């Protein structure tokens with residue numbers, strides 16, 4: 001009888017520990033994603049490539065040089081997922097003709113974006129050359145934070 005009670009208690013403890021571990025794994029994999037609109041270009045006149053502005057938005061826009069994307073924080077990088085069907089034709093041509101997205105100067109992230117993406121310890125996108133990944137229906141752009 002005592003062994004049976006001991007066995008039931010051990011089973012409950014194991015189930016409880018598994019629930020805690022699964023909760024930690026699930027929480028670690030739930031990274032916030034936010035919808036953003038990117039004003040493509042570099043300062044002072046917002047020409048070429050780079051980031052002239054990034055704004056959190058509720059709805060995507062269909063403006064000439066505004067790139068619609070989903071942004072996700074991945075620690076020291078930001079991942080922008082860009083659906084090809086939601087972009088102005090001029091930006092699709094820009095991405096189709098370039099495999100590299102040039103960022104000519106560090107870009108300061110807004111407090112709103114930092115907060116919504118739960119970015120810690122970093123506040124800027126680093127200048128540099130970033131590979132544009134072409135995945136059939138979308139582009140993926142991964143940029144470094146500093």
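Where a number appears in this text, it was derived from the coordinates with a stated rule and is not lab data. Every value quoted in this text rests on a predicted model; they were computed, and no experiment measured them. No Cβ is skipped: glycine too gets one built from the backbone with ideal geometry, and neighbour counts run over all protein chains shown.
Data table
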item: Protection proxy ranking of 80-89, 129-138 - average other beta-carbon atoms within 10 Å, highest first; result: 80-89, 129-138
item: Pair residue 84, residue 39: separation of 7 Å Cα→Cβ label points (nm); result: 2.9 nm
item: Fewest-first ranking of 43, 66, 10, using other Cβ atoms within 10 Å as the exposure measure; result: 10, 43, 66
item: Residues in the stretch 77-114 reached by a label modelled at residue 46 [backbone nitrogen below 19 Å; 7 Å Cα→Cβ]; result: 87-95, 102-113
item: Nitroxide proxy distance, nm - points 7 Å out along Cα→Cβ at residue 104 and residue 123; result: 2.5 nm
item: Projected label distance in nm at residue 5 and residue 135, using a 7 Å step from Cα toward the beta-carbon; result: 5.5 nm
